Amino acid sequence: MKLAHRLGIAILAIVAAAGWCGWRLTRPYQAFGAETFVEFPRGTGSRALAAALAQAGVIRSRWDFLLARALSPSRVLRAGEYRFTRPASPLDVFDRIARGDSFYYALVVPEGRNMFDIAAAAANLGLFTAPKFLDAARDPALIRDLDPDAPTLEGYLFPSTYHVGRHTTPAALCRIMTARFRDAWSKLGGAASVHRTVTLASLVEKESKLPDERPRVAAVFVNRLRLGMTLDCDPSTIYAALVEARYSGAIHRSDLESGNPYNTYRHPGLPPGPIANPGLDAIRAVLAPADTDALYFVLRPDGSGAHQFSSNMAAHQAAVALYRRAKKK
């Protein structure tokens, strides 16, 4: 009887302890305060991690986290910075870190965005101010070995979605983006001039949004360059105004007459450098332009985004007149 009594007490004690542990591990920490960030460098051990969480007020005690750890000893705890915004149980906290559900900003850079657009996007996320990013992007040192003539990093801030942390600096972001460009360029395997290709691709990217048209747009620019004609590219005129901090959202006659070297209405040949950051399709279009003698293009009035291509001025003027009549309706 005594043995059975003792065994019963032991079982009750085990059940009670298990229940207490379960309650402790699954109950959100109600004393959690405001939003907090906790960062764990690579190689941080479970004890140090538990202590940091407790000190930050994410969990009640480091022992709670260590108990959760004891229940899943084989799971890998992943380094990173974690944001906590509401009360969570020790098991939930442990599971998040084991999943690697760390905090990052998603900086989306679509094809054709320029460094001014990227600066504004980073500022909107709260990463850093736009002027700080522009200061870093205006230094071409990161790309100088590929393009000795690059005036800035424009064109080499490769379009993609970047996951960056709160402590990412403008210089670090530029390194990440130019590294992405280097990888893309190396995979193309071309022997063409990087400067000429990317500069021309930036014009193609800005002038045409339809992938199947880009080789034809590239061919128009190549044909005009061969004949010594000005490129007459509106986006380059806009970029000239952006560089001089005078762009008002529309192109004015003063923009077309500007002496800025990016104004391709006044200066024949390519601008000093890219006017945006082209994607792979635009770069490929420049490396393999279409076989056409077209020298002009203008938007079609049907709203499709497609262009009417012409090989002589008379045909181009007729296409322009058709477009303008449709716009007035």
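Summary table below
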{"quantity": "Residues Leu188 and Glu35, FRET efficiency given R0 of 41 Å [Cβ-Cβ distance, rounded to 0.05]", "calculated": "0.40"}
{"quantity": "Spacing of the two label points (7 Å from each Cα toward its C-beta) at Asn312 and Ser254, in nm", "calculated": "4.0 nm"}
{"quantity": "Theoretical FRET efficiency, 1/(1+(r/R0)^6), r = Cβ-Cβ of Trp63 and Arg175, R0 45 Å, to 0.05", "calculated": "0.60"}
{"quantity": "Estimated inter-spin distance, Arg83 and Thr129, nm [label 7 Å along Cα→Cβ]", "calculated": "2.2 nm"}
{"quantity": "Between helix 62-71 and the chain: long-axis angle, C-alpha atoms, 0 to 90°, nearest 10", "calculated": "90 degrees"}
{"quantity": "Compactness of the stretch 50-113 - radius of gyration and Dmax, Cα, Å", "calculated": "14.8, 52"}
{"quantity": "Reachable aspartates and glutamates from Lys187, criterion Cα separation under 19 angstrom, eight or more residues apart if same chain", "calculated": "Glu111, Asp145, Asp147, Asp281"}
{"quantity": "Debye, to nearest 20: dipole size of the chain, +1 on Lys, Arg Cβ, -1 on Asp, Glu Cβ", "calculated": "1440 debye"}
{"quantity": "Highest average packing first - 77-90, 26-39, 229-242, Cβ atoms within 10 Å", "calculated": "229-242, 77-90, 26-39"}
{"quantity": "For the stretch 278-317 and the stretch 76-130, distance of Cα centres in Å", "calculated": "40 Å"}
{"quantity": "Chain lengthening between Ser72 and Leu242 when straightened (0.36 nm per residue, less Cα-Cα)", "calculated": "55.6 nm"}
{"quantity": "Charged-residue dipole, Cβ positions (Lys, Arg, Asp, Glu), the stretch 195-328 about Cα centre, Debye nearest 20", "calculated": "260 debye"}
{"quantity": "Cα radius of gyration and Dmax for the stretch 200-284 (Å)", "calculated": "12.5, 34"}
{"quantity": "The chain: relative contact order as a whole-number percent, Cα under 8 Å and 6+ apart", "calculated": "14 percent"}
{"quantity": "Square roots of five times the Cα gyration tensor eigenvalues for the stretch 223-272, Å", "calculated": "20, 9, 8"}
{"quantity": "Ser304, Ser311 arranged by Cβ crowding within 10 Å, fewest neighbours leading", "calculated": "Ser304, Ser311"}
{"quantity": "Relative contact order computed over the stretch 25-99 (Cα-Cα under 8 Å; 6+ residues apart), in percent", "calculated": "47 percent"}
{"quantity": "Per residue Cα convex hull volume in Å³ - calculated over the chain", "calculated": "212 Å³"}
{"quantity": "Theoretical ellipticity at 222 nm over the chain - DSSP helices of four or more residues, -39500 (n - 2.57) apiece, nearest 500", "calculated": "-15000 deg cm²/dmol"}
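Bear in mind these aren't lab numbers, they're just calculated from the coordinates by the rules spelled out. Just so we're clear, the structure is a prediction, and the values are computed from it rather than from any experiment. Cβ: placed from backbone, ideal geometry, glycine included. Neighbour counts: every protein chain shown.
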